[in-house]
Amino acid sequence: MNASRLTPDLAPADLTAWQLTVKVTPGALSALILGPEGPDRAVIAHSQPLADDTLESLENAIYDNPLMLSDFGRVNILIASSQRVIIPDSIPESMDEEIVRTMLPDSEGPRRIISSPLPGAIRVLAAIDSETLSFIRRTFPDGKISLAIAAIANAAESLRPDGEPLNLAITEPGELCIVSLDADGRLTFANRFEVDGAPDCAYFILAALGPQARSLTIGGNADLRNETIDQLRMAAPDFEPTPLFLSPETAELRRHAETIPLDLFL
């Protein structure tokens, strides 16, 4: 069920067996609430644009949806950030601050670091506005915080056929994520792009994967996904994009909340 607002009357008072997944991007807030597993599993979803990328806009969006503030049994927070860098696990965590300061220098204020594991003994570091991250941690004190690009990369690892490479793209309004794994499961590419429609998605996919790529698994918003596949086939006739096939359970959940970003289900 897609809800215009997440209010307490949509769910029972006791949510200890329920799960909340929240995605925060510079332009939108999305939430997926799942009830206990079973044939009649409840699905409650909500997504809304933010007025701007300020902390005040994020605060207002969350407080306008008070069901998100309930005591869920499990809470996952995905954060999308353009301020990120991928490094090997062999680099000690004590160097993370220096790496971020050197490689991600642009900042208008204090920042905090989030680190998430990626396939192939590497990790991604992101610099998040300090006040924004503190607000998220106060609001969801038991929440597991990770980077959205890492959630997609780790999902790609489970989707990759044994002994074969995988190029995976997730298209959502305003956002495109591309992840590539080689035949040994090593991450060779991971990036997020801000886009304005299917032509942008096709351009970034072809630019990222290069002329040697011939296959792509693509999922996300159905209309944008299909339009992007059409654009790719026109621009590169030898390219072979195919839709992402979800597991029956995930596909059923997705059917009840088709407007919610796909990475909340992965």
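The values are calculated or read from the model by the stated rules, or taken from the named source; none is laboratory data. Keep in mind the model is a prediction, meaning the values are calculated, not measured. Quick reminder, even Gly has a Cβ in these numbers, built from the backbone with ideal geometry, and neighbours come from all protein chains shown. In case anyone asks, the SASA skips ligands and DNA or RNA and just uses the protein heavy atoms, side chains included. Shrake-Rupley method; radii C 1.70, N 1.55, O 1.52, S 1.80 Å.
Does residue 145 satisfy the condition of being in contact with a Phe, Trp or Tyr (Cβ under 7 Å, 6 or more places away or on another chain), at pLDDT 90 or above, assigned to a strand (DSSP E or B) and surrounded by 17 or more Cβ atoms within 10 Å (Cβ to Cβ)?
The answer is no for residue 145.
Go through the stretch 160-266 and tell me which helices (runs of 4 or more DSSP H), entirely inside it, have 2 or more residues that are surrounded by fewer than 20 Cβ atoms within 10 Å (Cβ to Cβ) and at pLDDT below 90.
222-235, 248-255
Does at least one position in the stretch 85-104 carry a residue that is open to solvent by less than 30 Å² (accessible area, probe 1.4 Å), touching a residue at least 24 places away in the same chain (Cβ under 8 Å) and within 24 Å of residue 205 (Cα to Cα)? Walk me through it before giving the result.
Taking the stretch 85-104 as the starting set, the residues that turn out to be open to solvent by less than 30 Å² (accessible area, probe 1.4 Å) are 85, 87, 96, 99-100, 104.
Add one more test, that the residue is touching a residue at least 24 places away in the same chain (Cβ under 8 Å), and what stays is 85, 87, 96, 99-100.
With within 24 Å of residue 205 (Cα to Cα) added as a condition, the list becomes 85, 87.
Checked the stretch 85-104: at least one residue is open to solvent by less than 30 Å² (accessible area, probe 1.4 Å), touching a residue at least 24 places away in the same chain (Cβ under 8 Å) and within 24 Å of residue 205 (Cα to Cα).
When the residues of the stretch 109-141 are narrowed to those that are assigned to a loop (DSSP other than H, G, I, E, B) and in contact with a Lys or Arg (Cβ under 8 Å, 6 or more places away or on another chain), which ends up least open to solvent (accessible area, probe 1.4 Å)?
The qualifying residue least open to solvent (accessible area, probe 1.4 Å) is 119.
Could you list all residues from the stretch 53-68 that are open to solvent by less than 20 Å² (accessible area, probe 1.4 Å) and either at pLDDT below 95 or farther than 18 Å from residue 194 by Cβ (or both)? Please lay out each step first, then the result.
Restricting attention to the stretch 53-68, the residues satisfying the condition of being open to solvent by less than 20 Å² (accessible area, probe 1.4 Å) are 57-58, 61-62, 65, 67-68.
Correct list: 61, 62, 65, 67, 68.
Among the residues of the stretch 151-197 satisfying the criterion of being of a type in the set (Gly, Ala, Ser) and farther than 18 Å from residue 260 by Cα, which is nearest to the chain's Cα centre (by Cα)? Before you say what the answer is, go through the steps one by one.
Keep residues of the stretch 151-197 that are of a type in the set (Gly, Ala, Ser), which gives 151, 153, 155-156, 158, 163, 169, 174, 180, 183, 185, 190, 197.
Among the residues that remain, those that are also farther than 18 Å from residue 260 by Cα are: 153, 156, 158, 163, 180, 183, 185, 190.
Values: 153: 9, 156: 12, 158: 16, 163: 26, 180: 15, 183: 24, 185: 20, 190: 12 Å.
Checking each candidate, the answer is 153.
Check off (1) assigned to a loop (DSSP other than H, G, I, E, B); (2) crowded, with 17+ Cβ neighbours inside 10 Å; (3) of a type outside the set (D, E, K, R) for residue 13 and give me the number that stays unchecked.
In the conditions (1) assigned to a loop (DSSP other than H, G, I, E, B); (2) crowded, with 17+ Cβ neighbours inside 10 Å; (3) of a type outside the set (D, E, K, R), residue 13 misses (2) alone.
Only residues that are within 29 Å of residue 9 (Cβ to Cβ), of a type outside the set (A, V, I, L, M, F, W, C) and outside any loop (DSSP other than H, G, I, E, B): list them for the stretch 53-89, please.
56, 57, 59, 60, 63, 66, 74, 76
Condition first: in contact with a strand residue (DSSP E or B) (Cβ under 8 Å, 6 or more places away or on another chain), in a loop (DSSP other than H, G, I, E, B), under 20 Å from residue 77 (Cα atoms) and open to solvent by 30 Å² or more (accessible area, probe 1.4 Å). Now tell me which residues in the stretch 29-52 satisfy that.
Going through the stretch 29-52, the residues in contact with a strand residue (DSSP E or B) (Cβ under 8 Å, 6 or more places away or on another chain) turn out to be 29-35, 41-50.
Restricting the remaining residues to those that are in a loop (DSSP other than H, G, I, E, B) gives 35, 41-42, 50.
Next, only the ones that are under 20 Å from residue 77 (Cα atoms) stay: 35, 42, 50.
42, the sole residue that qualifies.
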